[in-house]
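Just below is one structure, and these are the notes that go with it.
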Amino acid sequence: MADSKPTRVVILGGGFGGAYLAQSLQKHARTGELEVIIIDRNNYFVFYPLLVEAGTGSIEPRHCTVPIRDFARKSELLMGEVKGLDVDGSTVRYRLIGDDRDRSITYDHLVVALGSVTRILPEDVVSGVREHAFEMKHMTDAVAVRDRAVELLELANATDDPEERRRLLHFVIVGGNVTGIEVVGELETFVRDATIMYRNLRREDCTFTVVELAPSILGVLPEHLHQWAHRELCDRGVRIHNGISVKEVHDDHVITSEGDRIPCSTVIWTAGIAPNPILSELAGLPLNRFGGLECEADYAAKGLSGVWGLGDCASVPGLDGKPMPPLAQIAIRQAPQLAANIVATVRGRSTRPANVHVQGILVPLGRHRGVASLKGIKVHGILAWAMWRAIYLLKTPGWRRRLRVGMDWFINLFCKRDYVQLGMLPASHREFHGRDQTQERDSVD
């Protein structure tokens, strides 16, 4: 008797959620039971907790990129972009990168794990973001900010006008969440330490401003921790504006909601995330008012058979009935639960509801300082920074990558960073912002 054909599982998106799901399916399924195919425009995913440090040179950028083929070895990867979906015919239309024609693939189970994008508000609410602001979602974003900072240091060093020099070296971060605070902490360290290389620059020439609409930065942390982080950053000269927002972003300044004009040269936009907009182009998916995939408690897409949601793009209720937050740590722990449910469905068994909650929040602030709230442990200062490094070193995929990251950190204890552009992007950040951002990844926040 011939062997039965394996059940085909197609995963849209190879970020945290998709890659960890593929790996989990390999562990849960019997040999030959499943055929797992990932569709993503990249053949790697970024280990996001290390993204900002990779951008500022604390670690090598390649050391926090994880090859999907190596990470999920028994899965197949189609390096392409999703172009369409036929839920009635169980078919996905996609286009391989570098090709000019669409192809189709059928599935028995489809997992939508297309991640999120930076939340950009409409032009009538906040104007100029797409044209003038940087994001912090990809490795190219982190490298672009680094190259921009070095470019401005060179320009400011050759500028005679003190006021213009201060404008050039003024960085505005919009969003006081985990990503925004990590960015300002690392960037402040990188830029001010770099001034030693320039004859005409002083550390005081560099200024950093955080604009946060909420009453405080790092609102996800207990009050005494976000207050400590606020004081720590202010003591280092970082300006923090709470309770206001930015309504206009221009080439050389921003306008706040209170009408204040803040001269600057660089704006980094970290004010939240939104589900990948490509979901709205995939016919037949049940979407909520935010554009996310509506799911049942077991990750199944509402009203559809054989379609599942995972990660930032999916609204999956937890045991309390509320949607689980769009965090990378959530997506990683959702993956084995969804894998178990898919395998259970294939075998004719019942599924189980999602049961994932936030284990803790760790935020590095640069200069060997941080804040952490983890399973009842609430610490700040060098201990929190050491906890952050230890935990994420252990969570880094693969022992070889852990060794490389650990060596990078060890070397940095004794050697200064190279304050040089990586030369991976055009000098103009306007050209940089013209790149395609069709498929995104799961968030670190």
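The values are calculated or read from the model by the stated rules, or taken from the named source; none is laboratory data. Bear in mind the structure is a predicted one, so any value in this text is a computation, not a measurement. Note that we place each Cβ from the backbone using ideal geometry, even for glycine, and neighbour counts take in every protein chain shown.
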### Summary
Filtering the stretch 179-207 down to residues that are under 30 Å from Pro326 (Cβ atoms) and buried (at least 22 other Cβ atoms within 10 Å of the Cβ) yields Thr179, Gly180, Ile181, Glu182, Val183, Val184, Gly185, Glu186, Leu187, Glu188, Phe190, Val191
### Query
If you go through the stretch 319-334, how many residues are within 18 Å of Val112 (Cβ to Cβ) and of a type in the set (S, T, N, Q)?
1
### Message
Take Asp147 and tell me if it is assigned to a helix (DSSP H, G or I) and closer than 17 Å to Asn42 by Cα.
### Response
no
### Message
Against the condition part of a helix (DSSP H, G or I), of a type in the set (Lys, Arg) and closer than 29 Å to Pro61 by Cα, how does Arg192 come out, does it pass?
### Response
yes
### Task
Name the one entry in Glu248, Glu212, Glu294, Glu232 that is closer than 30 Å to Asp86 by Cα and modelled with pLDDT of 95 or more.
Glu294
### the stretch 305-333 - residue that is farther than 24 Å from Phe71 by Cα and of a type in the set (S, T, N, Q) and, of those, surrounded by the most Cβ atoms within 10 Å (Cβ to Cβ)
Ser315
### Message
Restricting to the stretch 286-299, count the residues that are buried (at least 21 other Cβ atoms within 10 Å of the Cβ) and either in contact (Cβ under 8 Å) with a residue 40 or more places away in the chain or outside any strand (DSSP E or B) (or both).
### Response
3
#### Entry: Matching residues, the stretch 254-267, being of a type outside the set (A, V, I, L, M, F, W, C), touching a residue at least 60 places away in the same chain (Cβ under 8 Å) and not in a loop (DSSP other than H, G, I, E, B)
Pro263, Thr266
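For every residue, the table says whether it meets (1) crowded, with 19+ Cβ neighbours inside 10 Å; (2) in a helix (DSSP H, G or I); (3) assigned by TED's automatic domain parsing to the domain that holds Phe171; (4) at pLDDT below 95.
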site	(1), (2), (3), (4)
Ala283	no, no, no, yes
Gly303	no, no, no, no
Ala335	yes, yes, no, no
Asn341	yes, yes, no, no
Arg352	no, no, no, no
### Residues of the stretch 53-112 satisfying the condition of being more than 26 Å from the chain's Cα centre (by Cα) and acidic (Asp, Glu)
Asp86, Asp88, Asp99, Asp100, Asp102, Asp108
### Residue check, Ile68 surrounded by 21 or more Cβ atoms within 10 Å (Cβ to Cβ) and modelled with pLDDT of 95 or more
yes
### Message
Please go through (1) outside any helix (DSSP H, G or I); (2) touching a helix residue (DSSP H, G or I) at 6+ places or on another chain (Cβ under 9 Å); (3) surrounded by 21 or more Cβ atoms within 10 Å (Cβ to Cβ) for Thr159 and return the number of the only condition it doesn't satisfy.
### Response
(3)
